[in-house]
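Reading through the structure tokens given below for one structure.
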Amino acid sequence: MEILRAEHLSKIYGQGENQVRALEDVSFSVEKGQFVAIVGPSGSGKSTLLHILGGVDRPTRGKVYLQGQDVFAQKEDQLAIFRRRQVGLIYQFYNLIPVLDVVENITLPVLMDGRQVNRARLEDLLTTLNLKDREHHLPNQLSGGQQQRVSIGRALMNSPAVVLADEPTGNLDSRNSQEILELLKLCNTQYGQTLVVITHDESIALQADRILTMEDGKIRRDEVIR
């Protein structure tokens, strides 16, 4: 069952001689529960694509559909709510709020909507991510690997339609990178979570169901691994 579809996405920055084509006519779809890795050299358009898929940036041309919803047909206030509820974002540098503790950072998307926190969901995530003994620690009291686990918890808290991760192990050592990889795989298998991950890490790419290779703003290769 299709959950995410990109249709003829193009993204152009600047004008005239300063014009940069970050994406050029990119189309593909993702099935529910699929783990997709996007690879390619720096400047190939990977992060731009991820940001557009997540509704963080708008395409110059083209459309994105998430669970059948035309993402960019929404007004800005609707899009902000849609993003919080339907898209989980994980970044290389964690993007945690320094003055909020672990639980507050994880539940932030729910609290921003003025909704009640699902305590069972929260407890399950804290246990799965091995953060039970760090619940009230601030980000600066956590290791890099623990901060990334909090970031994963925040991305999963709303049970989003898709989780998008931009180089999730890029700022971690090999041991923590392996732990984060195992957690991403667990999210995919235990929660049936659809994952789209940008990575330079071959070990992550080879664990995916499918690899999209980008170059010069285009998808050059689409390989089903398993």
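Loop-located trypsin sites (Lys or Arg not before Pro) in the stretch 1-46 (DSSP state not H, G, I, E or B) with no more than 15 neighbouring Cβ atoms inside 10 Å: Lys32.
Expressed as a whole percent, the accessible surface of the chain that belongs to carbon and sulfur atoms is 47, based on a 1.4 Å probe. Per-residue accessible area (protein heavy atoms, 1.4 Å probe) orders Tyr94, Tyr191 as Tyr191, Tyr94, starting from the largest. Among the trypsin sites (Lys or Arg not before Pro) found in the stretch 90-191, those both in a DSSP coil and sparsely packed, with 16 or fewer other Cβ atoms within 10 Å of their Cβ, are Arg115.
Per residue, how many Å² of accessible area does the chain show with a 1.4 Å probe? Walk me through the numbers on the way to the answer.
Working: 10700 Å² over 226 residues.
Using a 1.4 Å probe on heavy atoms only, each residue of the chain averages 47 Å².
Between Ala22, Ala161, Ala120, the residue with the greatest mean-square fluctuation in the GNM of the chain (Cα pairs under 10 Å linked by springs) is Ala120. Secondary structure note: in the stretch 96-226, about 60% of the DSSP beta bridges are antiparallel. Using a ≥ b ≥ c from the Cα gyration tensor of the chain (square roots of the eigenvalues), is it rounded, prolate or oblate, where a/c under 1.5 gives rounded and otherwise the larger of a/b and b/c decides, a/b for prolate? Prolate, since a/c reaches 1.5 and a/b exceeds b/c.
In the chain, what % of DSSP beta bridges are antiparallel (nearest 5)? Mind dumping the intermediate values first?
Details: 21 of 37 bridges.
Taking every DSSP beta bridge with both residues in the chain, the antiparallel ones total about 55 percent.
Other residues with beta-carbon under 14 Å from the beta-carbon of Glu24 carry, at +1 per Lys or Arg and -1 per Asp or Glu, a net charge of +2.
Ordering Ile38, Ile225 from largest to smallest accessible area (1.4 angstrom probe), what's the sequence? Can you show the working numbers first?
On the way: Ile38 0, Ile225 75 Å².
The residues order as Ile225, Ile38, largest area first.
Would you work out if the stretch 148-219 is rounded, prolate or oblate? Take a ≥ b ≥ c from the square roots of the eigenvalues of the alpha-carbon gyration tensor; rounded if a/c is under 1.5, else prolate when a/b is larger than b/c, oblate otherwise. Taking the square roots of the gyration eigenvalues as a ≥ b ≥ c, the stretch 148-219 is oblate. Can you tell me the orientation of helix 174-190 relative to the chain, as the angle in degrees between its alpha-carbon axis and the longest Cα principal axis, to the nearest 10? Roughly 80 degrees between the two axes. Amide H contacts for Ile3 (H built 1.01 Å from N in the peptide plane; partners 5 or more residues away or on another chain; cut-off under 5 Å): Val30, Glu31, Lys32. Other residues lying with their Cβ under 14 Å from the Cβ of Ile81 contribute a combined charge of +2, Lys and Arg counting +1, Asp and Glu -1.
The values are calculated or read from the model by the stated rules, or taken from the named source; none is laboratory data. Keep in mind that what you see is a predicted model, and the values were worked out from it rather than measured. Methodologically, a virtual Cβ is constructed for each residue, glycine included, from the backbone with ideal geometry; neighbour enumeration extends over all protein chains shown. These accessible areas exclude ligands, DNA and RNA; they are computed on the full protein's heavy atoms, side chains included. Shrake-Rupley method; radii C 1.70, N 1.55, O 1.52, S 1.80 Å.
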